[in-house]
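S.K.: Could you have a look at this structure, given as structure tokens, before my questions?
The values are calculated or read from the model by the stated rules, or taken from the named source; none is laboratory data. This is a predicted model, so every value here is computed, not measured. Don't worry about glycine lacking a Cβ; one is built from the backbone with ideal geometry, like all the others, and counts go over all protein chains shown.
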Amino acid sequence: MSISRRLAACLLIVACIHAYADGVPDDCTQLVVGIAPTSNSMRGELRLFERSRGGDWTAVAGPFPVLFGKNGIAWGTGLAGQNEPGLRKKERDGRAPAGVFEIGQVFGYEARLPPGGDYPYHQVTEADVWSDDPRSPNYNRHIVIDPKNPPDNYTHEKMRSGDFAYHWLIEIRHNSDPPVPGAGSAIFFHIRRGVNRPTTGCTTMAQENLVKLITWLRAKRHPCYALLPANEYDKEWRSWNLPPPDAFGRSAPASLPR
């Protein structure tokens, strides 16, 4: 094989490794980071980071107190985390998915985003639901139904039920490409129902902090979400292109308050 062909083959291998490497993609320049003290914690903190492409992460907001699943967190399926050993996220297990995920669309009750918002948005009606039934061909998908004649035999989450906590929803793209039946569905950022009321798998916070997150997001910056227990953050931050522990103002994430 000629030198030029060998070089081309090497470059192709490097490109393939990069394409399938776990972690935050190079084109992600907005990052939401959630850290839980342990995998069984229902509480944690959230911070927002920015970078120029190829640059270092800089904290721009937070920490915000947040709530995770009532039973803690478990490895989900996204840009990173699906290949890790340990407990896996499952439907109705009461755990939020851990790993790195793309951030999808924003949904809400209002006709438009809060002032300053500039992100893909869909105003929900009574016809908007999210399928959470592993038997459904639309499992873990946003679908529009006839609310007066809903599909038989399948369950779904109403996206406009009058629940103030769903006033704004930001999709966390866990188990999305494609959805695996039973691996978890309907994972969002949304308003918390109370300071001591965790979720069944979402990440929730005070309304003012959620609105701040919504108005900060920009699609062209390909925002992502990283959620990890502190000990896993210590192990993975470098290989997954996450902010270093000293970006949090402390020597290691394990020092989070419990």
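S.K.: Output the residues belonging to region 193-212 that are surrounded by 19 or more Cβ atoms within 10 Å (Cβ to Cβ) and closer than 19 Å to Ala98 by Cα.
M.R.: Pro198, Thr199, Gly201, Cys202, Thr203, Thr204, Met205
S.K.: Give Arg95, Arg141 a once-over and let me know the one that is surrounded by 18 or more Cβ atoms within 10 Å (Cβ to Cβ), of a type in the set (D, E, K, R), in contact with a strand residue (DSSP E or B) (Cβ under 6 Å, 6 or more places away or on another chain) and at pLDDT 95 or above.
M.R.: Result of the check over Arg95, Arg141: Arg95.
S.K.: Is it true that Ser251 is modelled with pLDDT of 95 or more and farther than 20 Å from Leu48 by Cβ?
M.R.: The answer is no for Ser251.
S.K.: Within region 165-175, count every residue that is surrounded by fewer than 23 Cβ atoms within 10 Å (Cβ to Cβ) and over 11 Å from the mean Cα position of the chain (by Cα). So that I can check it myself, show each step before the final result.
M.R.: Narrowing region 165-175 to residues surrounded by fewer than 23 Cβ atoms within 10 Å (Cβ to Cβ): 165-167, 171, 173.
Okay, now just the ones that are also over 11 Å from the mean Cα position of the chain (by Cα), so 165-167.
So the answer is 3.
S.K.: Test Thr38 against the stated conditions and say whether it is surrounded by fewer than 17 Cβ atoms within 10 Å (Cβ to Cβ), within 23 Å of Ala219 (Cα to Cα) and modelled with pLDDT of 95 or more.
M.R.: No, not satisfied.
S.K.: If the Cβ limit is 9 Å and pairs must be 6+ apart or interchain, which residue in region 148-172 that is at negative phi pairs with which residue that is modelled with pLDDT under 80 and not hydrophobic (A, V, I, L, M, F, W, C)?
M.R.: His156/Pro150
S.K.: Just checking, which of Ala226, Ala230, Ala219 is surrounded by 14 or more Cβ atoms within 10 Å (Cβ to Cβ), more than 14 Å from the chain's Cα centre (by Cα) and among the hydrophobic types (A, V, I, L, M, F, W, C)?
M.R.: Residue meeting the stated conditions: Ala230.
S.K.: Which residues, taken from region 99-136, are more than 24 Å from Gly76 (Cβ to Cβ) and among the acidic types (Asp, Glu)?
M.R.: Selection gives Glu110, Asp118, Glu126.
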